[in-house]
Amino acid sequence: MNDAQARADQLRALIAHHNERYFALDAPEISDADFDLLVRELTALEEAHPELATADSPTQTIGSAAIGSAGGASATFAPVEHEIPMMSLDKAFNTDEFDNWHTRLVRAAGEGRDLGSFVCELKFDGLAVSVRYENGTLVRAATRGDGRVGEDVTANVATIASVPKQLGAGAPPVLEVRGEIFMAISDFEALNEARRAAGEQLYANPRNTAAGSLRQKDAAVTASRNLRWFAYQLGQVEGAPTFAHHSETFAYLDDLGFPVNDQVKVVDSADAVKAYFAEAEARRHDFDYETDGAVAKIDNLAMQRDLGVTSHHPRWAIAFKFQPEEKSTKLIDIQVSIGGKGKATPFAVLEPVFVGGSTVQMATLHNEDQVKLKNIRPGDTVLVRKAGDVIPEVLGPVLSERPEGLPEWHFPTHCSCENHHPLTRSEGDAAHYCLHPTCPIQRDAWIEHFAARAAMDIEGFGERTVQLFTAQGLLSDIAGVYELDFDAVGQIEGFGETSVRNLQTSIEASKTQGLGRLLIGLNIRHLGNSGAHVLAKAFGHLDKIIEADLETLAGVDGVGPTIAESLRAYFDDESHLAIIERLRAAGVDFNGPEVVDVDQTLEGLAVVVSGGLENFSRDSVKEAITSRGGKSPGSVSKKTTALVVGESPGASKVTKAEELGVPIIDEAAFVELLATGRVPGQPADTA
Ligand code: IVH
């Protein structure tokens, strides 16, 4: 057997395996993007070696046989033959591929014939269903299966609130509506929140959860999952009005009571399609449902018929795939970093992988329990997720690719510094700590943290500089930053006159950052950034905090007993007081912000803000709420007083607010709320 033949066989086996994991078991092991790569490689191979192509190659068929890869009958669901096959969509992974599709179509349409307009839609990441009505009554719902034969999921689909069970007068004798079933992101998060609270294993993502929820023997389980759907295409139709354009079918479906997505747009040119794709990708996280691309369909139905279909997909439509947000890569190692407070945090060292718009080669694993829960081992192939600006996450291993005998990973017992201090984990704490005060890794991490943006914000004082200075003996703690011998710094290779001067200037400037940032830089266990600023405001001077007793500290709103104890322990430590005296001598400002008296209009209220406001920055809007005695949590709940929406608000927050009946207000109403403590248009609280 030659190499091409062997690889083609291997690819077919892999694709069959992953098809079954995805379609039949709802438990994919690799990302859609990686799966697409396998199919593409096989397609290219078959094109280069036509003799290798087979009729049953996965490049010629769609999805999985409804029912397991062997094509046998599903144990749970009866097979349903689709009168009109449920096809897949051709895909473009970049604008060049879209342009090629467009050029092909223009050629196929023939000289002098215009393709006409395009309908742009989002590509929902859920599962396709076909719902059949006869004389207005829902008679059957089926999954796509292999495109020809799907599974009968009528009982399950009938539990979905937005699937009409009965159509009004004027319904045609036969109507098949195709669409995508999904779970809203907010519902998925709430479901996982409940599972977390119950100590149950979390679901991986909304798509698989939706699929798993639909393919339940017990339809009551489906009913409890609040699935939704969007209708996007007609299947078999008899006796309905005839349409000239696909876009007209949306109005028809809408009239009949089917949910259609509000992002559908008819455009006139290929350039406008590309603009839609770009905008859809940029806004993909604004929606309360997952999308993995956008779709363009030729609007003119006569043109669609003329262009026709291949064995696999219609020629008149194309899916533009977004940058993948999940990909697999090799987990090279699990290492542990020691933070400024001695906290030992495991992190994944990955073979670099481009995902979610950037290259990822490291991801935090948080703590020992998380590594155990994820069941990952160095040497595993792992699935990595990175969505937009979100921090990359290792989701779990691809078990089918785990090398035999791969050893489990154990949390190191000792710090990796040259002193090898023991790492300890105390009861009730998820984290390990190196508690030794002379650990050089901790020392460097603390100085780095002190100079970091959220603390003293000293430009040019990053990890490399700190390590260089401590290694040269120029620096051994945070106060040393203000005692640096700049002549000696100038002797270090890479530090020219200008960089020394710049460093000197930014160190000098940092002295006036004020108490809040200084407290962050002092690196006090349990004290986060917002707690530090709260303290700075409440006490006004570092000395007052140092002198305060436990009760006074714990009495500050937003501090609490754990932080109070930690503060007391910190300032009872002579070595810390000595550092503070050196900071004082260097002229570091110990004063908190000037407190202006504002009316506490929002006392006891919680105001959530989503989207950009015109007259407030992210920080200043928080400040405006908290300085008036209000809270500004990150998510909407029953207790939320109002949701303020600005430009491009998060859809999940809006949906949640609507569901809970939380008032949704604009910026002008927000300004009024700040002044009066009342939500405009709402009855005053009589309590
Ligand atoms: S149209 C003949 N429109 O993508 C075209 N499909 O790979 C039939 N999908 O199985 C599909 N959003 O599950 C169409 N707006 C949309 C879609 C969409 C998601 C899914 C659907 C289909 C798959 C095609």
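Key figures for this structure:
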item	result
Whole-Hz couplings from phi, Karplus 6.51/-1.76/1.60, listed for segment 544-556; x for Gly and Pro	5, 5, 4, 7, 5, 8, 3, 5, 4, 5, 5, x, 6
Net length gained if the chain between ASP114 and HIS17 were fully extended (0.36 nm per residue, minus Cα distance)	30.7 nm
Volume per residue of the C-alpha convex hull in the chain, rounded to whole Å³	228 Å³
Sparsely packed GluC sites (Glu not before Pro) within segment 77-148, loop by DSSP, other Cβ within 10 Å at most 15	GLU83, GLU111
Full-extension gain in nm, MET362 to ASN94, via 0.36 nm per residue minus C-alpha separation	93.8 nm
Per-pair calculated FRET efficiency, R0 = 60 Å: ASP3 and HIS576 via Cβ, rounded to 0.05	0.35
In segment 628-660, the trypsin sites (Lys or Arg not before Pro) that fall in loop regions by DSSP, at most 14 other Cβ within 10 Å	LYS638, LYS639
Three-way shape call for segment 173-287 based on the alpha-carbon gyration tensor, with the a/c threshold at 1.5	oblate
For the chain, with +1 on Lys and Arg beta carbons and -1 on Asp and Glu, the positive-most of ASN19, SER648, GLY110 along the dipole	ASN19
Overall form of segment 125-193 per C-alpha gyration tensor (a/c, 1.5; a/b vs b/c)	oblate
Spatial separation of Cα centroids for segment 90-162 and segment 383-425, in angstrom	41 Å
Per-pair calculated FRET efficiency, R0 = 41 Å: VAL349 and ASP557 via Cβ, rounded to 0.05	0.50
Cα-based helix-to-principal-axis angle, 667-676 vs the chain, degrees rounded to 10	40 degrees
Cross-link table LYS631/LYS656; LYS165/LYS217; LYS544/LYS639, entries beyond 29 Å C-alpha to C-alpha	LYS544/LYS639
In degrees, nearest ten, helix 270-282 long axis to first principal axis of the chain (Cα)	40 degrees
Cα-based shape type of segment 314-466, given that a ≥ b ≥ c are square roots of the gyration tensor eigenvalues and the cut on a/c is 1.5	oblate
MRE, 222 nm, helices only [DSSP H, n ≥ 4, -39500 (n - 2.57), over the chain, to nearest 500]	-10500 deg cm²/dmol
Estimated vicinal HN-Hα couplings, Hz - segment 477-482 in sequence order (Karplus 6.51, -1.76, 1.60; Gly, Pro = x)	7, 5, 5, x, 4, 8
Relative contact order computed over the chain (Cα-Cα under 8 Å; 6+ residues apart), in percent	9 percent
Which of PHE450, PHE322 has the fewest Cβ neighbours within 10 Å, and the rest in rising order	PHE322, PHE450
Principal-axis tilt of helix 246-256 within the chain, Cα atoms, nearest 10 degrees	80 degrees
Pair VAL309, ALA509: separation of 7 Å Cα→Cβ label points (nm)	6.4 nm
Segment 112-123 - phi-based ³J(HN,Hα) in whole Hz, Karplus 6.51/-1.76/1.60, Gly and Pro as x	x, 10, 7, 5, x, 7, 10, 9, 9, 9, 7, 9
Computed lengthening from THR601 to ILE492, 0.36 nm per intervening residue step minus Cα-Cα distance	33.6 nm
FRET efficiency, 1/(1 + (r/R0)^6) with R0 56 Å, evaluated for ALA272 and HIS436 via beta carbons	0.30
Candidate lysines - alpha carbon under 27 Å from LYS297, same-chain residues fewer than 8 apart omitted	LYS91, LYS123, LYS265, LYS274, LYS321
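Any read-out appearing in this document is the output of simple, stated calculations on the displayed coordinates, not a laboratory observation. Just so we're clear, the structure is a prediction, and the values are computed from it rather than from any experiment. Counting neighbours? That spans all protein chains shown, and the Cβs are built from the backbone with ideal geometry, glycine included.
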